[in-house]
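Engineer: Structure provided below as structure tokens; questions to follow.
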Amino acid sequence: MAQLSLRGVRKNFRNVEVLRGIDLEIHDRELVVFVGPSGCGKSTLLRLIAGLDDISEGEFTLNGRSMLNVPPSKRDIAMVFQSYALYPHMNVYENMAFGARLMGLSKDEVQKRIDETAATLQLGPLLQRKPRELSGGQRQRVAIGRALVRKPAVFLLDEPLSNLDAALRSEVRLEIAKLHNDIGGTMIYVTHDQVEAMTLADRIVVLRDGVIEQVGTPRELYETPANAFVGTFIGSPRMSLLKAVRDGDRFGVAGSGAVLLPEAPETGATVTLGIRPDAMALAPAGDADGFEAEFEYAEYLGNEAYIYARLGDGTRISLQGDTKALTHRPGDAVRLRPNPAEIHYFDSETGRSFRRT
Amino acid sequence: MPAPTLNGISRTPARTPRLRVSGRGLWITFLLVPPVVVMALFVIYPIFSALAYAFYDWQGLARGDFVGFANFEKVLFQQPFAATTWNAFKNNIFVFFALMIIQNGLGFILAYALWRDLPGARFHRIAVFLPVVLSTVIIGYVWKLFFHPIFGAVNQLLKAVGLGSLATPWLGDADTALNALIFVNAWAWVGFPTLVFLAGLQRIPSEILDAARMETDSELTLIRRVIWPLIAPSATVCFVLLFIGSFNWFELPYIMVGLDGSPYGNTDVLGLYFYRTAFGNQSAGIQDFGMGSALAVLMFLFIAVVATTWTIYLRKREIEV
């Protein structure tokens, strides 16, 4: 059982404000992912929850109990570090037993828990090895095992996949998802990779410059981003942003003509259109509808292709295309036809989303 | 050297490019020869000659007959020489253990405090190391003045704060002389282990310390179970160098208490005894190059064997971080 609550949490390092008022509720058995660009404060927030750094201002409670003056080891929280941070002088068994013994568990209980964990993570044959004798993926599993043995209320994972190669990364990602399913603990996971966030999270917290931009399920963030930043951060290839001028239901882009978008919400005269690669398509040859653009190049991926084109005002657009229709050459004039139902409308000034009513 | 033949195919022209290539080699040789000569002349030659001298009977500086192990037998087992040898050796051992606790122990504590970045750490980092760069001669001389029974700063200070009853002729009292020397040595050298331990502490990855803090809030457990094993390489350096330094101890006692290890041999150590025996002094009168050499050889062997064995043992418990 773990219910975390952060209210008005701020963190300063000397004069630099790293977190500027975080309000967040994390529910029991939830897998929450903190995501955002480098320097957004996501790792700092994790360290505050762990207790490794002190909160400058605000309140943090775990199951209703304030954690402000509780040392990290007494918070019932375990953490998996980016570099794994295994004790190099202890073998795998000792690495896992160290924290468990310090919790005051009996020798038999420690042994039992390590046996269980080793079985779950297939660490059995590695128990007597030193960390330097393990591969990256094995070290990662030991680091997770070390956290599991303590049976904490909350697991914190700080970019746990970033030191693994691409093939191993998706494999371990799956293992973590499965682990969360099996043990059912509350997990907080930090990453800068939106794919990891989308695939793992029950809910995603998007951070930028020390503030939360949006909290929601992967679907909510993808389908209804609160602002242009979230829109472009979630989804790959990223959402294209078009500066448009509105005239009734017609939206014009400088140098590319205008298109009719009948279902648009109330906006000002200038608006930023957010268009995902799958929300726009190349118009068939001879079709006069759509934005005029210049074909730049295409990335052929086998089952699909990503097409890059440039609008009249210089904005680059990416769209998902059919591999069979790839007949254009760089420099060709093409027309891009957006799907009105899937367009996002953002305030040109603030970036905030205009919702359809 | 064979003369070049007419068609030019001979060994001489073939050598010319090799000579040109070895210009670099020549330069390296030119740079290497002086230090090698100096090493050979002043380090290797004396060691081997001392080894040889130790097996001869000496009359002043004139070499007499080959006497086998007689000189060794004298310094180790024949009275009164043996008593002096063992007394000096006993003092060396005491100095070593005392400095292990005071100098290295304090060094570790200071390093830990500096590492934790307590207020004023930057200033103290320099202050602690400052005496290390001072000449031992100056340190010895200044502290000898401080310890002066009547005018010395130590006794004056004790009197000034009302502890005059504790004032004592520090270097003349059999109970305090060696301790005073050990104190001065620790004061002067504590910066060295401090710096070595500090370097070791700074090498520990911060995430490992964070991981440990997630599992224990006891600083003692953290130090004992995580930090100390991870700075084992620093400990090896401090321990072994202190061992060698303690059994080679000479300058500080020589300057502060003289060659005799006064009072009554209470501060006598092997270094002093060796020097007196080999080169003589006014009070002892005796001078025996053969016995002196035997002492030097024994010291060398003892230090080399123990230091090597210990280093091997200490290196085993080190791990790569």
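Every number here is computed from the coordinates shown, using simple stated rules; none is lab data. Predicted, not measured: the structure shown is a model, and the values here were computed from it. Methodologically, a virtual Cβ is constructed for each residue, glycine included, from the backbone with ideal geometry; neighbour enumeration extends over all protein chains shown.
Engineer: Whole-Hz ³J(HN,Hα) for each residue in the range B:213-227, computed from phi via Karplus 6.51 cos²θ - 1.76 cosθ + 1.60 with θ = phi - 60°, x for glycine and proline: what do you get?
Structural biologist: Using θ = phi - 60°, the values come out as 5, 5, 10, 8, 10, 8, 5, 5, 4, 4, 5, 5, 9, 10, 5 Hz.
Engineer: For a 29 Å ceiling on Cα separation, which of these pairs sit above it: A:K130/A:K151; A:K112/B:K316; A:K11/A:K178; B:K90/B:K144; A:K130/A:K178; A:K42/B:K316?
Structural biologist: Over 29 Å apart, Cα to Cα: A:K112/B:K316; A:K11/A:K178; A:K42/B:K316.
Engineer: Listing B:S234, B:S262 from the residue with the fewest other Cβ atoms within 10 Å to the one with the most, what is the order?
Structural biologist: With the fewest neighbours first, B:S234, B:S262 line up as B:S262, B:S234.
Engineer: If you don't mind, another one. Taking amide H positions as placed in the peptide plane 1.01 Å from N, state which residues far from A:S83 in sequence (5 or more) or on other chains have amide H under 5 Å from it.
Structural biologist: none
Engineer: Please work out the FRET efficiency for the pair B:F250 and B:S206, using the Cβ-Cβ distance as r and a Förster radius of 35 Å; give the result to the nearest 0.05.
Structural biologist: 0.25
Engineer: Sticking with this structure for a sec: How large is the helix-only mean residue ellipticity at 222 nm for chain A, computed as the sum of -39500 (n - 2.57) over DSSP H runs with n ≥ 4, divided by its residue count, in deg cm²/dmol to the nearest 500?
Structural biologist: Dividing the helical sum by the residues of chain A leaves -7000 deg cm²/dmol.
Engineer: Give a residue-ordered list of calculated ³J(HN,Hα) values for the range B:248-259 (Karplus: 6.51 cos²θ - 1.76 cosθ + 1.60, θ = phi - 60°; whole Hz; x for Gly, Pro).
Structural biologist: 9, 3, 8, 4, 4, x, 4, 6, 8, 10, x, 5
Engineer: Per residue of chain B, what 222 nm ellipticity follows from adding -39500 (n - 2.57) for every DSSP H run with n ≥ 4, rounded to the nearest 500?
Structural biologist: Helix-only estimate at 222 nm: -20500 deg cm²/dmol.
Engineer: Give me the number: length gained by fully extending A:E59 to A:R20, i.e. 0.36 nm times residue separation minus the C-alpha to C-alpha distance, one decimal in nm.
Structural biologist: 12.7 nm
Engineer: Across the residues of B:214-222, average count of Cβ atoms on other protein chains within 10 Å?
Structural biologist: 6
Engineer: Inside 10 Å of the C-beta atoms of A:23-34, what's the mean count of C-beta atoms belonging to other chains?
Structural biologist: Partner-chain Cβ atoms within 10 Å, mean over residues of A:23-34: 0.
Engineer: Moving to a separate point now. Would you please give the residues with an amide H less than 5 Å from that of A:L207, counting only those at least 5 places away or on a separate chain, with H modeled from the backbone geometry?
Structural biologist: For A:L207, the qualifying residues are A:V35, A:G36, A:E213.
Engineer: Quick one: which residues, 5 or more positions from A:S240 or on another chain, have an amide H under 5 Å from its amide H? H modelled 1.01 Å from N in the peptide plane, none for Pro or chain starts.
Structural biologist: A:I275, A:R276, A:S318
Engineer: Need one value for B:203-213: mean number of C-beta atoms belonging to other chains within 10 Å of its residues' C-beta atoms.
Structural biologist: If you average over the peptide's residues, the count of other-chain Cβ atoms is 6.
Engineer: Can you give the local net charge around A:G185? Use residues other than it whose beta-carbon is closer than 15 angstrom to its beta-carbon, Lys and Arg +1, Asp and Glu -1.
Structural biologist: Summing Lys and Arg as +1 and Asp and Glu as -1 gives 0.
Engineer: Counting other beta carbons within 10 Å of each residue's own, what order do B:F55, B:F247, A:F13, A:F346 fall into, fewest first?
Structural biologist: A:F13, B:F55, B:F247, A:F346
Engineer: Related question: Give the order of A:S353, B:S293 when sorted by the count of other beta carbons within 10 angstrom, beginning with the fewest.
Structural biologist: A:S353, B:S293
Engineer: Then there is this: So if each residue of separation counts as 0.36 nm, and I subtract the Cα-Cα distance between B:S165 and B:L314, what length gain in nm does that give?
Structural biologist: 49.1 nm
Engineer: Roughly how big is the range B:37-161's charge dipole about its Cα centre, with Cβ charges of +1 (Lys, Arg) and -1 (Asp, Glu), in debye to the nearest 20?
Structural biologist: Approximately 520 debye in magnitude.
Engineer: Testing the spin-label approximation: label points 7 Å from Cα along Cα→Cβ at B:F300 and B:Q59. State their distance in nm.
Structural biologist: Distance between label points: 2.7 nm.
Engineer: Follow-up. How much net charge surrounds A:G58 when only the other residues with a Cβ under 12 Å from the Cβ of A:G58 are counted, with Lys and Arg +1 and Asp and Glu -1?
Structural biologist: 0
Engineer: Based solely on C-alpha atoms, express the radius of gyration and the Dmax of the protein assembly as shown in angstrom.
Structural biologist: When restricted to Cα atoms, the protein assembly as shown yields Rg and Dmax of 38.6, 121 Å.
Engineer: Related question: Using θ = phi - 60° and the Karplus relation 6.51 cos²θ - 1.76 cosθ + 1.60, list the HN-Hα couplings for the range B:301-309 in order, rounded to whole Hz, with x at every Gly or Pro.
Structural biologist: Coupling constants for the range B:301-309: 5, 4, 5, 5, 5, 5, 4, 5, 4 Hz.
Engineer: A:T270 to A:A166: FRET efficiency via 1/(1 + (r/R0)^6), r the Cβ-Cβ distance, R0 41 Å, to the nearest 0.05?
Structural biologist: Given R0 = 41 Å and the Cβ-Cβ separation, E is 0.50.
Engineer: Right, another one. Within the protein assembly as shown, what percent of beta bridges assigned by DSSP are antiparallel, to the nearest 5?
Structural biologist: So the antiparallel bridges amount to about 80 percent of the total.
Engineer: Okay, next question. If you average the C-alpha positions of the range A:242-264 and of the range B:191-263 separately, how far apart do those two centres end up, in angstrom?
Structural biologist: What the calculation gives is 73 Å, centre to centre.
Engineer: Going 7 Å from the Cα of A:K112 toward and past its Cβ, which residues in the range A:182-219 have a backbone nitrogen under 15 Å from where you end up?
Structural biologist: Nothing falls inside the zone, counting backbone N under 15 Å.
Engineer: Show me the helices of chain A, taken as full DSSP H stretches, that run 24 Å or more along their long axis by Cα and average 1.6 or above in Kyte-Doolittle hydropathy.
Structural biologist: Answer set is empty.
Engineer: Tell me, rounded to the nearest percent, the portion of alpha carbon pairs in chain A spaced more than 38 Å apart.
Structural biologist: 32
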